[in-house]
Amino acid sequence: MATKKTKVRTNLPYIEACNAICSCFTLPKDEGKLPDAEMVQLEAEALSPFEEGTYGCSWELLHENQHEVNYLAVIASEERLAAAPWYPTLKSRHQLGRCRIDVSVLAWVNVLVDKEATLKHGSHFIFLQATDEILLMAVVEGVLKGVHAFSTLETLEDDAVMLRELSRFLALMNVWQLGNISSAYVYAPTPADALAVKALLKEMDIFATIHDVLLPDGMATDWLKQGLAARASAKAKMDVTPQSWRDMAKKLHQKCMIILGGLFLALIWCACATYFILAPMQKEQELETIRAEYKALAPKYNEYLAMRNRLDLISRYQDRSNSALEILRLVCAAKPKGVTFLSLNFQQKNLIKISANAETTADVYAFKEALEKAFAVDPNAEPPSLRPPAIPEIVRFVEDRKTGLQRIDVDIKFELVEEEA
C-alpha cells in the first residue's frame with residue numbers, strides 16, 4: 001500500500017540540549033491520576049537558575065506506570081534562544097511566540113529508536129556526537145531516562161572535557177539507579193571519533209557491549225530533521241517559548257486586529273460615503289432621463305387623453321341604457337299590477353324619485369325587489385354597462401284613509417363614479 005508523501009520542513013525551530021537545561025524528574029500518581037499541570041510546571045521551573053521572565057520553560061511526559069510519571073523539563077534563557085539560527089527568520093516574519101520551539105534530545109531519541117529497533121528493549125547508554133553538540137543519554141525500553149549535553153566545541157578546545165563529562169554522567173546514572181546498563185551505542189561523525197570514544201568507554205570497563213554507528217554530519221542533520229518533523233506531526237507538547245515572546249505575539253496580534261478592524265471600518269465608511277455621493281447623482285440622472293421622456297411623450301399623451309375623453313363622451317351618448325326612456329322602461333317593467341304611478345322625476349346619474357299608490361303591502365315590497373333586480377349591474381358583463389349601479393329605497397310608506405291605498409315614495413340613488421381626468 002502506497003504511503004502519502006509529506007514534505008519535511010527544514011526550518012523547524014528547536015534548541016540544542018547543550019544550550020538548555022534538560023532534566024528528567026519523576027512525580028507520584030495521586031490515586032492513579034496524573035499530577036496537575038500547574039504542579040508539573042512548578043516542579044520544572046524549580047530547576048531554573050535564571051531570573052523570572054528571562055527564560056522559557058516547558059515539560060513533556062515521557063512515560064508512566066501505575067505509581068509514577070516520568071517527565072523531561074527543558075529550560076532555556078532568552079539569550080540562548082535568540083542565538084538560534086531560526087531566530088532572525090521568525091523575528092522578521094513576526095512568528096516569535098507563535099511557533100513551537102522543540103528540543104533536540106527528544107527528536108534524537110525519536111529517530112534513534114526508530115532507526116535502531118534494539119533500543120526499544122532493555123537499558124542502553126547512547127553517546128551521540130552531532131555537529132554542534134554531544135549528547136549522553138540513558139534509554140530504558142525506548143524511553144529517555146537521563147540526559148546530559150555539552151558543546152562539541154568544548155571538546156575541541158580541551159581533550160579532558162570528554163572524559164570529565166562522561167565520568168560525570170556515568171556517576172549520575174548510579175544516582176538515578178541506572179547502573180545496570182551494560183550496552184552502549186556510539187554515534188560519531190568519523191571512525192576516528194568513534195574509536196576514541198570506544199577507547200574511553202572500554203577503559204571505564206562499565207559496558208559489556210559497545211556498538212558504534214557512523215553518523216556523518218549530513219546524515220546527522222537529516223536524522224534530526226526527521227525526528228523534529230515526526231514530533232511536529234505527532235503534535236508534541238514540548239514548547240520552550242518564553243512567556244515574554246508569547247505576550248509580545250499576543251500584543252502584536254491584538255495590534256494587527258485593531259489595524260484590520262480600523263481598515264475594515266474605514267472601508268465601510270468610504271463605501272457609505274461613496275454611496276451617499278454617487279446615489280443621489282445616479283437618481284438625479286435617472287430623474288432627468290424620465291423628465292426628458294415625459295417631455296417627449298407629453299404631447300402625444302395629451303392627445304391620447306383628449307381622444308379618449310371624446311370617445312367616452314360619444315359612447316355615453318350612444319349608450320341608451322342610461323337614457324330617460326330606458327329608465328322608464330325598467331321602472332314600468334318592474335311595476336306590479338297592484339301599483340299605480342303618480343309621478344316620476346329622473347335626474348340622470350343622480351336620482352330617480354317615484355310616487356305611486358299600491359293596493360297591498362305585498363305589492364310595495366314586490367315593487368322594491370323588482371327595482372333592485374332591474375337596476376343591479378353585473379360587474380363581469382361584456383361589454384360593461386355605462387349606467388352606474390343604483391339602490392332603491394322606500395322613503396315614505398303610509399296608508400291613504402280616504403282611498404285605503406298604500407301611498408309610497410321610492411328614491412333610486414345612483415352610485416357616483418369618479419371620472420378619470
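The values are calculated or read from the model by the stated rules, or taken from the named source; none is laboratory data. Keep in mind it's a predicted model, so treat the numbers as computed, not measured. Don't worry about glycine lacking a Cβ; one is built from the backbone with ideal geometry, like all the others, and counts go over all protein chains shown. Accessible surface areas use protein heavy atoms only, side chains included; no ligands, DNA or RNA. Shrake-Rupley method; radii C 1.70, N 1.55, O 1.52, S 1.80 Å.
If I go through the range 80-110 residue by residue, how many of them are part of a helix (DSSP H, G or I) and more than 21 Å from Trp59 (Cβ to Cβ)?
Within the range 80-110, the first condition is being part of a helix (DSSP H, G or I), and the residues that meet it are 80-82, 87-92, 104-110.
Narrowing further to those that are more than 21 Å from Trp59 (Cβ to Cβ): 82, 87-92.
Selection size over the range 80-110: 7.
Which residue is farthest from Gln243 (Cα to Cα), if the candidates are limited to the range 58-85 and must be touching a Pro at 6+ places or on another chain (Cβ under 9 Å) and open to solvent by 20 Å² or more (accessible area, probe 1.4 Å)?
His67
Quick test for you: out of Asp205, Asp217, Asp212, pick the one residue that is within 28 Å of Arg168 (Cα to Cα) and in contact with a Leu (Cβ under 9 Å, 6 or more places away or on another chain).
Details: Asp205 fails: in contact with a Leu (Cβ under 9 Å, 6 or more places away or on another chain); Asp217 fails: in contact with a Leu (Cβ under 9 Å, 6 or more places away or on another chain).
Answer to the selection: Asp212.
Cβ-Cβ under 6 Å, sequence separation 6+ or interchain: first residue in the range 390-406 and under 14 Å from Phe341 (Cα atoms), partner open to solvent by 40 Å² or more (accessible area, probe 1.4 Å). Which pairs?
That search, which allows pairs on different chains as well, returns Gln406/Glu399.
Within the range 89-132, can you find the residues that are open to solvent by less than 10 Å² (accessible area, probe 1.4 Å) and over 14 Å from Gly227 (Cβ atoms)?
First, pick out the residues of the range 89-132 that are open to solvent by less than 10 Å² (accessible area, probe 1.4 Å): 101-105, 107-108, 111-112, 119, 125-128.
The answer is Ile101, Phe125, Phe127.
Can you tell me which residue within the range 110-133, out of those that are under 23 Å from Ala232 (Cα atoms) and among the β-branched types (Val, Ile, Thr), is modelled with the lowest pLDDT? Reasoning before the result, please.
Let us first name the residues in the range 110-133 that are under 23 Å from Ala232 (Cα atoms), namely 110-117, 119-120, 128, 130-133.
Those left that are additionally among the β-branched types (Val, Ile, Thr): 111, 113, 131.
On the way: Val111: 94, Val113: 93, Thr131: 87.
In this case the residue turns out to be Thr131.
Checking the condition among the hydrophobic types (A, V, I, L, M, F, W, C), free of Cβ contacts under 8 Å to residues at least 40 places away in the same chain and surrounded by 15 or more Cβ atoms within 10 Å (Cβ to Cβ), which residue from Ala208, Ala196, Ala192 passes? I'd like the intermediate steps shown before the answer.
Numbers: Ala208 fails: surrounded by 15 or more Cβ atoms within 10 Å (Cβ to Cβ); Ala192 fails: surrounded by 15 or more Cβ atoms within 10 Å (Cβ to Cβ).
So the residue among Ala208, Ala196, Ala192 that is among the hydrophobic types (A, V, I, L, M, F, W, C), free of Cβ contacts under 8 Å to residues at least 40 places away in the same chain and surrounded by 15 or more Cβ atoms within 10 Å (Cβ to Cβ) is Ala196.
If you take the residues of the range 45-57 that are in contact (Cβ under 8 Å) with a residue 40 or more places away in the chain and open to solvent by less than 30 Å² (accessible area, probe 1.4 Å), which of them is nearest to Gly142 (Cα to Cα)? Let's see the steps before the verdict.
Let us first name the residues in the range 45-57 that are in contact (Cβ under 8 Å) with a residue 40 or more places away in the chain, namely 53-57.
If we keep only those that are open to solvent by less than 30 Å² (accessible area, probe 1.4 Å) too, we end up with 56-57.
Details: Gly56: 27, Cys57: 24 Å.
Here the residue is Cys57.
For Ala273, are the conditions met, namely being in contact with a Lys or Arg (Cβ under 6 Å, 6 or more places away or on another chain), open to solvent by less than 70 Å² (accessible area, probe 1.4 Å) and part of a helix (DSSP H, G or I)? Outline the logic, then answer.
Numbers: in contact with a Lys or Arg (Cβ under 6 Å, 6 or more places away or on another chain): no; open to solvent by less than 70 Å² (accessible area, probe 1.4 Å): yes; part of a helix (DSSP H, G or I): yes.
No, not satisfied.
Which residue is modelled with the highest pLDDT, if the candidates are limited to the range 1-44 and must be charged (D, E, K, R) and open to solvent by less than 70 Å² (accessible area, probe 1.4 Å)?
At the first step, the residues of the range 1-44 found to be charged (D, E, K, R) are 4-5, 7, 9, 16, 29-31, 33, 36, 38, 43.
When the remaining residues are screened for being open to solvent by less than 70 Å² (accessible area, probe 1.4 Å), the result is 16, 29.
Working: Glu16: 94, Lys29: 88.
Here the answer is Glu16.
Would you check which residues across the range 349-369 are more than 22 Å from Asp312 (Cα to Cα), open to solvent by 30 Å² or more (accessible area, probe 1.4 Å) and either of a type in the set (Gly, Ala, Ser) or at pLDDT below 80 (or both) and list them?
Ala362, Ala366
Of everything in the range 141-165, what is outside any helix (DSSP H, G or I) and polar (S, T, N, Q)? Give them in sequence order. Write out each step before concluding.
Quick first cut of the range 141-165, residues outside any helix (DSSP H, G or I) only: 141-151, 158-159.
Passing the criteria: only Ser151.
Report yes if some residue within the range 145-158 is open to solvent by 80 Å² or more (accessible area, probe 1.4 Å), of a type in the set (D, E, K, R) and touching a residue at least 12 places away in the same chain (Cβ under 8 Å); otherwise report no. Explain how you work it out, then say what you get.
Here is the first cut: in the range 145-158, the residues open to solvent by 80 Å² or more (accessible area, probe 1.4 Å) are 153, 156-157.
Those still in the list that are of a type in the set (D, E, K, R) too: 157.
Now narrow it down to the ones that are touching a residue at least 12 places away in the same chain (Cβ under 8 Å): none.
Checked the range 145-158: no residue is open to solvent by 80 Å² or more (accessible area, probe 1.4 Å), of a type in the set (D, E, K, R) and touching a residue at least 12 places away in the same chain (Cβ under 8 Å).
Any residue at all in the range 308-330 that is touching a Pro at 6+ places or on another chain (Cβ under 7 Å) and at pLDDT below 85? Write out each step before concluding.
Start the filter on the range 308-330 by keeping residues that are touching a Pro at 6+ places or on another chain (Cβ under 7 Å), which leaves none.
No, there is no match, as no residue in the range 308-330 is touching a Pro at 6+ places or on another chain (Cβ under 7 Å) and at pLDDT below 85.
Against the definition (farther than 20 Å from Ala220 by Cβ, small (Gly, Ala, Ser), touching a residue at least 40 places away in the same chain (Cβ under 8 Å) and touching a helix residue (DSSP H, G or I) at 6+ places or on another chain (Cβ under 8 Å)), how does Ala130 come out, yes or no? It would help to see each step written out before you state the result.
Working: farther than 20 Å from Ala220 by Cβ: no; small (Gly, Ala, Ser): yes; touching a residue at least 40 places away in the same chain (Cβ under 8 Å): yes; touching a helix residue (DSSP H, G or I) at 6+ places or on another chain (Cβ under 8 Å): yes.
Against the criterion (farther than 20 Å from Ala220 by Cβ, small (Gly, Ala, Ser), touching a residue at least 40 places away in the same chain (Cβ under 8 Å) and touching a helix residue (DSSP H, G or I) at 6+ places or on another chain (Cβ under 8 Å)), Ala130 does not qualify.
Condition (residue is of a type outside the set (Ser, Thr, Tyr) and either under 28 Å from Pro85 (Cα atoms) or within 56 Å of the chain's Cα centre (by Cα) (or both)) applied to the range 195-208: is it met by at least one residue?
Residues of the range 195-208 of a type outside the set (Ser, Thr, Tyr): 195-208.
Applying the additional criterion that residues be either under 28 Å from Pro85 (Cα atoms) or within 56 Å of the chain's Cα centre (by Cα) (or both) yields none.
Checking the range 195-208: not a single residue is of a type outside the set (Ser, Thr, Tyr) and either under 28 Å from Pro85 (Cα atoms) or within 56 Å of the chain's Cα centre (by Cα) (or both).
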